[in-house]
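Some notes on the structure that comes next.
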Amino acid sequence: MKVRLERRGATSARLVALSRLFAVVLALPITSVVFLACGTNPAKAIAEIFGNAFGSWFGICETIVKSIPLILCGVGLTVAYKAGIISIGAEGQLLFGAIASTWVAIYSGLAPPLVLPLMFLLGGTAGAAYAVLPGILRAKFGLNEIIVTLMLNYVAQNFLVYLVTGPWKGKGEWGFPQTDKFPDYACLGTIPGTRIPYVTLALALLSVAILHFQLFVTKLGYEMRVLGDNPEAARFAGMRITYLVAVSMAISGFLSGIAGVGEVAGMHQRLKRGISPGYGFTAIIPAWLSNLNPIFVLPASLLMGGLFVGGDAIQISLKLPFGIVNVFNGTILLLLASGEFLARYKLVVEA
Amino acid sequence: MTPEFSFEMLGITKKFPNVLALDNVDFKVKVGEIRALLGENGAGKTTLMKVLCGLYRPDSGKILVRGKEARIRSPKDAIGLGIGMVHQRFALVESMSVLENVVLGTKMDALFPLRRARADVEELAEKFGLKVDLDAKAWQIPASEQQKVEILKAMYRGAKILVLDEPTSMIAPSEYETLFKSLIELSRSGTAIVFITHKLKEAMSICDTITIMRRGKVVANCDPKEVSAKELAEMMIGRDLQTEAPQKSVAAGGQAVLEVEDLFVENDRGMMAVKGVSLSLRRGEILGVAGVSGNGQTELMEAIAGMRRPKGGRVTMDGKELSKLPPWKIRELGLAYVPESKRVAISPGLSVSENAILKSYSKSLSRGFLMMKESVSEYARQLVEKFNVVAPSLEMPAKFLSGGNAQKIVLGRELMSDPKVIVAGNPTSGLDVSSTELGHGLFLQARAKGVGILLISEDVDEILKLSDRIAVMLGGKITKVFDRTPPLDELSLAMTFEQ
Ligand SMILES: Nc1ncnc2c1ncn2[C@@H]1O[C@H](COP(=O)(O)OP(=O)(O)OP(=O)(O)O)[C@@H](O)[C@H]1O
Ligand SMILES: [Mg+2]
């Protein structure tokens, strides 16, 4: 018997969808091995994860809470990826959004009704600026955006730590490395009976709709798609490459920044370490799972959000480390990459 | 006993979405035969050969190689059976040496792998007249040499069957001779050669048999000695050829619209490729630039179109200096540009219609920041109709277009954009006979409307047929300008020797 690879003539849309599904489904048995190694019954653990994430009203609400930043960052990344920019900097942009909005909330001294709107505006803008920087470096000087965006994540993380342990350290916080609690008018309201901040939920859904429209119906979206598909063709057609790269990154960074505002103003009500359990990194998965289509970022983010919730739950109920969720995420990412491969090639078994 | 046929493809059918690319095709080639494969753009020539080379699996039919049924499931199988293909786009690793490219992926000695290989490759090159500098890097050598390397590559892998997809569209006519000599040498040693081309003359001159395809079917196999070019063309299109050669009106002799003054341009390797070129193109004039490829024509064209910054000199259109403007501004001022390489002008993952509008999307096809869906498809339909583009669907990714049909989009887009000046590099390469005629007709129409056309082509016949004046480019300089059409041999001479 011989097993070999064979190239497919054409890759159909169905095949791509199947390969995405396959990535998610196949991640379960693979992660099971890790559960076994931890001495836990995998079936029980998986049931626990999904039961907690999707099995109750409370679980679903929590899943939505965690999905919101994933949707915002994921849709933004979709735009960047469509334009051919491999950004992995959503995490840093999210943190910068959080930092900028914290300044507005605590230090700007603005009239209370202006504070929240300005937090979103400045938070988004900070995220955008932080994303445009690597965009320009790549378009103008050919710097590799993967490396630059990755590095900027750590710069943002360390800057945040510096702020909350140094100049912005709260006075009433018993020495914890965090800012003071935001005044009430700088906090987001939630849907009654849940922890879901309705403003960011609405913004997340809106961003999906707007960016789907933006990518597939507007002139700018068309230009971005050409740029991502064949940069030489974009240049040939006389498109303004630097401008397009900057705008794509600005959109991506703005949405990540908004996600950061949502986390400080909606969830933690202060700036501290760990406001994001890596939303900006995890959002790379829904972006690819969606096959770079904003609409599909929605279900993919819900899945990932669910994993966060389930991961929290098994820490308590099964005494398992949260790291298991990262194993799951990593597995999906690897499978996505291999699914990409199998959509192009097929395995043939011959006698 | 040696089998009569090198390979036999029997009853091959291949369907793609919306199109039956191959319809029960029989194609048999004898040992040591040179076979021409002709047909209109989109007839299925490339697809048929990709089936032979294991790149596509046929839906039905079988393939016999040297009399035995063969299972060709992948290019590796095909190579194992001695089938080698030289694609229209060469696939050399640019940063590697020629020798490394030739032996890449074959079994090599673990130590000093290139030592033995070098001797073998040298012997092979000697035998078939495919001499190339084995130590040059692939990017340093011109297209014609790259092609030799591709052939060497196939032969080194023991090819007994060699497929060449439009081998002459990338090289200059003056280089055909050496290519043909090598092919004849190869066929003498028993290699079966399939030669896809749109140039009837060359098909008739070196091939033993001509096979004609039309819409996925083989419609005729004929002996080149018994048919005329006109008959061939008619078999290809399936009806009488209208021999209404496009009428060329008297040159308008308008005022200059594009001026190139003392232009210096570097190539990708940082060497000066254009060394002080001055040209003046008048309204309603076709100025042909003739030259063997690699004499700076590409760089000249790119500099005029704003794709490459000149190192010195200036380009002005209607008195406005172009050389400092970004490409989009230059397009906006009315300079249309047909690049030599399709790769830079087609976005393969986007649909045919989205490619059709690449040139005009920001003018008439969008309102504010929105694309007008209706006008976009209308525009694409018009272009496809006007230029006779064969596309199974306008919504299919452009990468599935046949080579010639993609070129029709590239050319058609520019002609439809209502320009002041057209800079065109090999605009009809890869086009079939009737589409070439159509293209030429449209160039003459544009000229009659007062458009200035700078035609840079390696096809001397095309230059002679269309140009009002001809400039010869050699070694990065304009070495001669003919004010009226010179005889062919005089032009060829000027292209090879500085006078
Ligand atoms: N992978 C593919 N998917 C879908 N359609 C395809 C694919 N490859 C080719 N086609 C279609 O099959 C038909 C035949 O294409 P093919 O490339 O064989 O033409 P050709 O004879 O080589 O033409 P040309 O002279 O223009 O190179 C065309 O209509 C083309 O659009
Ligand atoms: Mg072809």
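Within the shell of other residues whose beta carbon sits under 13 angstrom from the beta carbon of B:P58, the net charge comes to +4, with Lys and Arg scored +1 and Asp and Glu -1. Among B:K14/B:K408; B:K153/B:K359; B:K50/B:K199, which pairs are too far apart, with a Cα-Cα distance over 28 Å? The pairs that break the limit, which is 28 Å between Cα atoms, are B:K153/B:K359. The overall shape of the stretch B:1-106, judged from the alpha-carbon gyration tensor, is oblate: a/c is not under 1.5, and a/b is no greater than b/c. For the stretch B:347-400, the equivalent ellipsoid built from the Cα gyration tensor has semi-axes of 19, 12, 9 Å, listed from largest to smallest. Distance between the pseudo-spin-label points of B:K15 and B:R118 (7 Å out from Cα toward the beta carbon): 5.5 nm.
Amide hydrogen proximity for B:M85: with H placed 1.01 Å from N in the peptide plane, the residues at 5 or more positions away or on another chain lying under 5 Å are B:V163. Based on the reciprocal of the average 1/r between different C-alpha atoms, the Kirkwood radius for the stretch A:121-239 equals 18.3 Å. Give me the distance between the Cα centres of the stretch A:21-95 and the stretch B:423-499, rounded to whole Å. Between the Cα centres of the stretch A:21-95 and the stretch B:423-499 lies a distance of 61 Å. Beyond 25 Å, what share of the Cα-Cα pairs of the stretch A:69-290 is found? Please give it as a whole percent. So the portion of pairs separated by more than 25 Å is 38 percent.
Close amide H contacts of B:K477 (hydrogens built in the peptide plane, cut-off under 5 Å, sequence separation of 5 or more or a different chain): B:K275. Straight Cα distances below 19 angstrom link B:K201 to the lysines B:K45, B:K181, B:K225, B:K230, B:K465, with same-chain residues fewer than 8 positions distant left out. Per-residue ellipticity at 222 nm computed for the protein assembly as shown from its helices equals -15000 deg cm²/dmol, with DSSP H segments shorter than 4 residues left out and the rest contributing -39,500 (n - 2.57). Remark: accessible surface ordering of A:H212, B:H440 (largest first) is A:H212, B:H440, probe radius 1.4 Å. For the pair the stretch B:57-89 / the stretch B:332-380, the C-alpha centres are spaced 38 Å from each other. Shape descriptor for the protein assembly as shown: Rg over Rh equals 1.03 (Cα atoms; Rh from the Kirkwood inverse mean 1/r). Among A:L160, A:L137, A:L77, the largest mean-square fluctuation in a Gaussian network model of chain A, built with springs joining Cα atoms closer than 10 Å, belongs to A:L137.
For chain B, the dipole from Cβ point charges (+1 on Lys and Arg, -1 on Asp and Glu) about the Cα centre works out to 1240 debye, to the nearest 20. With everything on Cα atoms, drop me the angle between helix B:433-448 and the longest principal axis of chain B, reported from 0 to 90° to the nearest 10. Roughly 10 degrees, rounded to the nearest 10. Largest GNM mean-square fluctuation among A:N329, A:N291, A:N41, using chain A with Cα springs under 10 Å: A:N41. Apply the a/c threshold of 1.5 to the C-alpha gyration tensor of the stretch A:52-119 and tell me whether it is rounded, prolate or oblate. Oblate.
Sorted largest first, the spans of the alpha carbon positions of chain B along the three principal axes are 73, 51, 47 Å. Dipole size of the protein assembly as shown about its Cα centre, with +1 on Lys/Arg Cβ and -1 on Asp/Glu Cβ: approximately 1600 debye, rounded to the nearest 20. Lysine pair count for the stretch A:69-290 (Cα-Cα distance under 17 Å; residues 8 or more apart in sequence or on different chains): 6. Springs join every pair of Cα atoms under 10 Å in this Gaussian network model of chain A, and among A:S252, A:S56, A:S67 the largest mean-square fluctuation is at A:S56. The mean number of partner chain beta-carbon atoms within 10 angstrom of a residue's beta-carbon across peptide A:225-234 is 6.
The values are calculated or read from the model by the stated rules, or taken from the named source; none is laboratory data. Predicted model, so just to flag it, every value in this text is computed and none were measured. No Cβ is skipped: glycine too gets one built from the backbone with ideal geometry, and neighbour counts run over all protein chains shown. With ligands, DNA and RNA removed, areas are computed over all heavy atoms of the protein, side chains included. Shrake-Rupley method; radii C 1.70, N 1.55, O 1.52, S 1.80 Å.
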